[in-house]
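J.: For reference, the structure I am asking about is given below.
The values are calculated or read from the model by the stated rules, or taken from the named source; none is laboratory data. Keep in mind that this is a model prediction, so the values were computed, not measured. Cβ coordinates were reconstructed from backbone atoms using ideal geometry, including for glycine residues, and neighbour counts include every protein chain displayed.
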Amino acid sequence: MSDVPIAETAVYTALALAAHYFPKSVDGDSRTAAPFAEAASLVSGKYRAWDRWKELPHDERQRIAMVCSIAPGELADVRTFSVAARTLLSPLTADGTSSVPVMGPFELVGTDPFTADSAFPRLGGDPLGYVDRMTSRFRRPSARPKPPEFAGPGTWLTREIFVKNVGQVHGRLQIPTYPQFTEALGHDRLPSVSTVPYQADLRIPTPELLRLAEEIDLRFPEGKRYLHSTLGQLFKVLKTSDTVSPEEALSLTAGGMEIFNAPTGTGKSVLVRVMGAWFAANDLRIAIVLPDIKACLAMTWNVREDLDHLHRSGIIEQKRTCAHLMSSSGMHDRALKLASLINESVDAPGEWGERAERDVDPLAYGCAQRTFLESTGDYPPGREPCLSLHRQGVGSAACPWIPTCGKYTPVYEAATANVVIMNHYVFMQGHLKIGINLDGRPVRSMTAAEFALRTCHAVAIDEVDQFQSRAVDKCASEIVLHSRRHWSAAPQEMDTDAKRLRIDDEHSLLPAVSHVRLMAEFLLLSICKNALSLHATEDDRAQARIPDQTSTRWHLARGRDRTLLRLLWPETAAEDRADIPVEYFQRLNALMPARYQRLDPLSGQPSLLEPDWHEVRSELSALVAPRGEHLLDAVKLELHRLLADAVKDPHQRTQAINLLVTRTAMIELDEALSALQEKAHDYRSSGLRSAQRISKDLQSGAVASVLPLGMLGRAITGYRVTGLDDKEKNAALVAQTIAGDPHTFTAELGGIVSLILAGVERPVIGLSATAYFPQAVREHLHAPVRWWMTDAQAKSIRARKHRIDYGEGHPLFGDPIKVSGTHPSRKKDALIELGSNLYDQYIHRELERTAIKDPDRAHVLVVANSYEQCAWLARGIARAGRYDGGLCLAVRAEDLHSPNPELPRENVAVRLTAEEFEDFPRHGKILVVPLSLIARGLNIVKGTRSAVRSVYLCVRPLALLNDPAEMYGSINAAGLRALPTGGSPLPSQALTEARDAAWDRLALLLRTAPQFTAMHKSLQEEVVAGMIVDLIQLAGRARRGGTEAVLHMVDYAFHEDTWSADLETVLKRIHSQWTPQVRQRMNDLYGEALNAFLSYAGIEPHDTGLPCN
């Protein structure tokens, strides 16, 4: 049984599960069958579609998750599963005879094996026992590969790497012998962890938390004690859907995600900090996941000091520890950056104080290999050959200094700590690369997500909506499909490596590899020869661009359909500011070459109106199915003839042909790459190094490794070309693939995800001020709000409209200044003018007034969308007639002392990097900063109160829905929304409807206009909902310590009502679509904060509204 291939095991066990949970009656037969559709749903990981999932016992959910974890991702598609099952249960040899064993475990239903949609089980009446037997080998410790052995004394070679500006680096390492080191270390020197047993509920008594907070407060002087009072106030007003009052206990339940929603500044971070102490005091383990490394360093310092204090006080008998698990690759650079921000005391030169101990010491390390290594160049920090030493007759070996190396100290500390702290990115993408002893057996690697879920009793995620938004971004991965650099593309390696496989396996693998190579080479080389282009020269400016400037952005196969449609069918040009009718897209899709037995969900069944269009399709088909010929030139010439009547202008016809050909090639490459990804996933455990590389590159994070496919059922792929400045040597075609299900990953972190990664469910609590906002597709969590605090502070947030006009002497004198939606060539002038007039008319007076009434809060934030826009605003402020100093400007680290003329001089504006924003009141009164950097996580305070009162939004923040990640977030959320509440008795049907909804959203995104004012209304609502989430978070920077925040909407784009796309109108549409239950929930969670935006839009807080047509 152990020799059964993984894919076959997955099909058999999924059928056994389907036979048990979804028995299907068959006419004329007393037996029940296992339906293929439900078997496919059971390996999809999307159990939210099944109404019985939550009712199943934990051991049954574990069994199903085990099958899901081993199944290739493509088996979640019903058609693919059906083909696999029919082939497996009725394979025919060349002479037409069946090779199925007479007593196989399943028998196809019906007389025709090629149309069967279910199978009779022949398992002796115990399908679940059969599943356990078939999957037992995957539960054995030996199922996971061992880590590399440690290198012993002697001479070793290091791996060769390419270092920019240095070249190829490799070397020879002479490892000395010491009295205590005469032979290689054993795996027992790796860190050791154990799987924490399953615990359905975890009760944290509130009085115990308060008692710990009170004790920790004693660390500080009386005037700085705030933990107990903050936590006490929070629990008094906290509400819950649980039967247990928050004033009695927080009861965490394993499975899924439980949301803790409370306004900024009310004590969520304090709660997490004290929870860490509670877990340590009770000798339990908790993983705390924070937004960034800065927050992690601060929390680690605080918790360590808390635990030391509690131990000294006798509250905790034995010493407990806290560890910061971080990525080893960027530690050195981060240490240098943080060290550069520390100013030595004049009285104590060389003494760096607490900030050095907190921020620099944990990140700094040295490499012991340097002393004993002779190499062609230095290995950069983070890329040392720690796991790639080798010599004749020995595979890769690990550096013997790993157990004592500062680079890996965080891993060793995390293995034994009671409180493990990591950031969002480490949780999603981090790996414990050195290996680890898991339950007594060394294993090669473990993801940080598995480490947290397997070895900790609970997980707490701060800013959980931001975590989900980042998960959307981290669904993207890149792979080089073809390159002029020798053997630097993964498909080339895979083609060669396949010769090491069995004939059957090579036969299965090579069609996907060969077609990816063929299409990638065709596309790249045609672009290098200028026979094709990835950019469309739609105007005179575009024709002047050089290819390298236009091809380095990401291009989707269907990304320029609107331009192509206007060329082929000029009547669509009138639809420039609206959705182009769907039938035109169907016509275009119908021109694409058909793939065998595969329907494109975006293609309808339209008739091609002119006979010549059939010939166009034939010509395009010839390009993607060549017979050893270069057909591009011939096809382009023939297309010129065929399209001469439809597109009369030769330049436009050339452009249309280029778009048609590149669209065809990229769609074909999409399909081929999808097939290759599936095959690589199948062969990743075969030892085929290139398959492991492709699988790793295309599923680089925890999201895609657990849930390979999103609601769309396939990946979205974009392409870009690099190296065209020296195309003979460096040209490369790179694919960016976006796959996985980030929304389900986040909402089911303690449920499905934990089952697949760790084998058990875990309690996971997600904290945020904005985790619930239905139309915000990136931030809204599809999980229950378990605890919440209503924002009841009167006028805690106020939103104000402002119209700033161009001043005297400007050509547009008297017109309102609009930034968002303005042509890029005019934004610089608009922002400089806006900065100057805004300061004179509003900021100067506010700072003067606040300096008298509340001097600690006499500071403002001026917000734009990018560093460049901030620089222009700052230049305008500095030119204002009433300007009297105090200007600070956010800059990148490399621009801190840059002579860039676009930046105000350093004697005009103090330049601050992101690490210094919290201290900006020490440097000035105005901070001009990008929204993405200031919206979350920063405590700009004096004492315990916010130092900022007002925030001026100078550029309307908008998402770019033509960006692949933004598109994917919208598409996946549309599919999830289509699932029935509570699931369906037939999950396959629910998933089919959800997939249809996801494809409908993709079609809408492709045909809608990219400008916000002309965008489809539902997409406008998604964009604005996400913006409101950002604004609520942004207002939180001014609400620390119970203070109020004032948001000033300055960009006239907020107010311009063209095409009913102003902020007021869109907010009214959003509000009108909320059901009474959603409105009640929004009021419960946001209270006065929500009322601020409703009032801005002229909506009464309790207005029922009417649905919009």
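J.: Looking at segment 813-827, which of its residues are part of a loop (DSSP other than H, G, I, E, B) and surrounded by 15 or more Cβ atoms within 10 Å (Cβ to Cβ)?
T.: Those that are part of a loop (DSSP other than H, G, I, E, B) and surrounded by 15 or more Cβ atoms within 10 Å (Cβ to Cβ): I817, K818, V819, S820, G821, T822.
J.: Okay, moving on. Assess whether L108 counts as being buried (at least 20 other Cβ atoms within 10 Å of the Cβ), modelled with pLDDT under 95 and more than 40 Å from the chain's Cα centre (by Cα).
T.: Values: buried (at least 20 other Cβ atoms within 10 Å of the Cβ): yes; modelled with pLDDT under 95: yes; more than 40 Å from the chain's Cα centre (by Cα): yes.
So L108 passes the test.
J.: When residues of segment 952-998 are filtered for being touching a His at 6+ places or on another chain (Cβ under 7 Å) and under 30 Å from I843 (Cα atoms), how many remain?
T.: 2
J.: Among the residues of segment 727-762 satisfying the criterion of being part of a loop (DSSP other than H, G, I, E, B) and among the small types (G, A, S), which is farthest from L709 (Cα to Cα)? Give the steps one after another, and end with the answer.
T.: Residues of segment 727-762 that are part of a loop (DSSP other than H, G, I, E, B), as a first pass: 731, 739-741, 748, 759-762.
Next cut, among the small types (G, A, S) only: 731, 739-740, 759.
Details: A731: 31, A739: 6, G740: 4, G759: 20 Å.
The selected residue is A731.
J.: Here are A295, A287: which of them is in a strand (DSSP E or B), of a type outside the set (V, I, T) and within 25 Å of the chain's Cα centre (by Cα)?
T.: The conditions single out A287.
J.: Further question on the same structure: Please go through segment 993-1009 and pick out each residue that is more than 22 Å from the chain's Cα centre (by Cα) and closer than 18 Å to T717 by Cα.
T.: D1000, A1003, L1004, R1007
Each row is one residue, and each column tells you yes or no for (1) among the acidic types (D, E); (2) modelled with pLDDT of 95 or more.
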position: R211; (1), (2): no, yes
position: P221; (1), (2): no, no
position: M257; (1), (2): no, yes
position: F260; (1), (2): no, yes
position: P263; (1), (2): no, no
position: G276; (1), (2): no, yes
position: F279; (1), (2): no, yes
position: D283; (1), (2): yes, yes
position: I288; (1), (2): no, yes
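J.: Of everything in segment 304-329, what is within 29 Å of C367 (Cα to Cα) and of a type outside the set (D, E, K, R)? Give them in sequence order.
T.: T321, C322, A323, H324, L325, M326, S327, S328, S329
J.: If we keep just the residues of segment 842-867 that are among the polar types (S, T, N, Q) and touching a Lys or Arg at 6+ places or on another chain (Cβ under 9 Å), which is nearest to L887 (Cα to Cα)?
T.: T850
J.: Being closer than 23 Å to D791 by Cβ, of a type outside the set (G, A, S) and not in a strand (DSSP E or B) is the filter here; which residues of segment 258-284 pass it?
T.: Initially, segment 258-284 is screened for residues closer than 23 Å to D791 by Cβ, giving 258-275.
After this cut, where a residue has to be of a type outside the set (G, A, S) as well, the list is 258-261, 263-264, 266, 268, 270-275.
Matches in segment 258-284: P263, T264, T266, K268, V270, L271, V272, R273, V274, M275.
J.: Please state which one of V721, V764, V785 is surrounded by 21 or more Cβ atoms within 10 Å (Cβ to Cβ), more than 30 Å from W554 (Cα to Cα) and touching a strand residue (DSSP E or B) at 6+ places or on another chain (Cβ under 9 Å).
T.: Numbers: V721 fails: more than 30 Å from W554 (Cα to Cα); V785 fails: surrounded by 21 or more Cβ atoms within 10 Å (Cβ to Cβ).
It is V764.
J.: What tally of residues in segment 484-520 results from selecting those that are of a type in the set (D, E, K, R), modelled with pLDDT of 70 or more and in a helix (DSSP H, G or I)?
T.: Narrowing segment 484-520 to residues of a type in the set (D, E, K, R): 484-485, 493, 495, 497, 499-500, 502, 504-506, 517.
With modelled with pLDDT of 70 or more added as a condition, the list becomes 484-485, 493, 495, 502, 504-506, 517.
Next, from what is left, pick out any that are in a helix (DSSP H, G or I): 493, 495, 504-506, 517.
Counting residues in segment 484-520 that are of a type in the set (D, E, K, R), modelled with pLDDT of 70 or more and in a helix (DSSP H, G or I) gives 6.
J.: Is it fair to say E215 is acidic (D, E), crowded, with 16+ Cβ neighbours inside 10 Å, in contact (Cβ under 8 Å) with a residue 60 or more places away in the chain and over 30 Å from E374 (Cα atoms)?
T.: So E215 passes the test.
J.: Another question, then. Name the residues in segment 357-402 that are under 28 Å from the mean Cα position of the chain (by Cα) and of a type outside the set (A, V, I, L, M, F, W, C), would you?
T.: Those that are under 28 Å from the mean Cα position of the chain (by Cα) and of a type outside the set (A, V, I, L, M, F, W, C): D359, P362, P380, P381, G382, R383, E384.
J.: Quick one: I765 ticks every box in (1) in a loop (DSSP other than H, G, I, E, B); (2) on the phi < 0 side of the Ramachandran plot; (3) not basic (K, R) bar one, so which box is it?
T.: Of (1) in a loop (DSSP other than H, G, I, E, B); (2) on the phi < 0 side of the Ramachandran plot; (3) not basic (K, R), only one is false for I765: (1).
J.: On to the next question. Restricting to segment 1069-1082, name every residue that is free of Cβ contacts under 8 Å to residues at least 40 places away in the same chain and either touching a helix residue (DSSP H, G or I) at 6+ places or on another chain (Cβ under 9 Å) or among the charged types (D, E, K, R) (or both). Talk me through it step by step, then tell me what you get.
T.: In the first step, residues of segment 1069-1082 are kept if they are free of Cβ contacts under 8 Å to residues at least 40 places away in the same chain; the result is 1071-1072, 1075-1077, 1079-1080.
Hits for segment 1069-1082 are H1071, R1079.
J.: Separate question: Regarding E317, is this residue among the charged types (D, E, K, R), modelled with pLDDT of 85 or more and assigned to a loop (DSSP other than H, G, I, E, B)?
T.: The answer is yes for E317.
J.: Moving to a separate point now. Give the residue, chosen from L523, L438, L453, L509, that is surrounded by 20 or more Cβ atoms within 10 Å (Cβ to Cβ) and farther than 30 Å from S388 by Cβ.
T.: Unique residue meeting the criteria: L523.
J.: Now for a different question. Can you name the condition, by its number, that D126 falls short on among (1) more than 25 Å from A71 (Cα to Cα); (2) over 35 Å from the mean Cα position of the chain (by Cα); (3) of a type in the set (D, E)?
T.: Of everything listed in (1) more than 25 Å from A71 (Cα to Cα); (2) over 35 Å from the mean Cα position of the chain (by Cα); (3) of a type in the set (D, E), D126 misses just condition (1).
J.: Across segment 872-892, which residue is nearest to the chain's Cα centre (by Cα) among those that are among the charged types (D, E, K, R) and in a helix (DSSP H, G or I)?
T.: R875
J.: Kindly indicate whether any position in segment 389-403 is over 30 Å from Y968 (Cα atoms), of a type outside the set (S, T, Y) and in a helix (DSSP H, G or I). Walk me through it before giving the result.
T.: At the first step, the residues of segment 389-403 found to be over 30 Å from Y968 (Cα atoms) are 389-403.
From what's left, of a type outside the set (S, T, Y): 389-395, 397-403.
Now narrow it down to the ones that are in a helix (DSSP H, G or I): 402-403.
Yes, segment 389-403 contains a residue that is over 30 Å from Y968 (Cα atoms), of a type outside the set (S, T, Y) and in a helix (DSSP H, G or I).
To keep it simple, each residue is scored yes or no on (1) under 17 Å from C386 (Cβ atoms); (2) in a strand (DSSP E or B).
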| site | (1), (2) |
| --- | --- |
| T135 | no, no |
| F138 | no, no |
| P145 | no, no |
| G152 | yes, no |
| N165 | no, no |
| Q168 | no, yes |
| R172 | yes, yes |
| D188 | no, no |
| T195 | no, no |
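J.: Filter segment 24-46 for residues that are surrounded by fewer than 24 Cβ atoms within 10 Å (Cβ to Cβ) and over 14 Å from L123 (Cα atoms) and give the result.
T.: Scanning segment 24-46 gives K24, S25, V26, D27, G28, D29, S30, P35, A37.
J.: Here are Y198, Y178: which of them is over 24 Å from W156 (Cα atoms) and out of contact with any Leu (no Cβ under 9 Å at 6 or more places or on another chain)?
T.: Just a single option satisfies the conditions, and that option is Y198.
J.: Among the residues of segment 943-961, are any of a type outside the set (G, A, S), farther than 30 Å from D741 by Cα and assigned to a helix (DSSP H, G or I)?
T.: no
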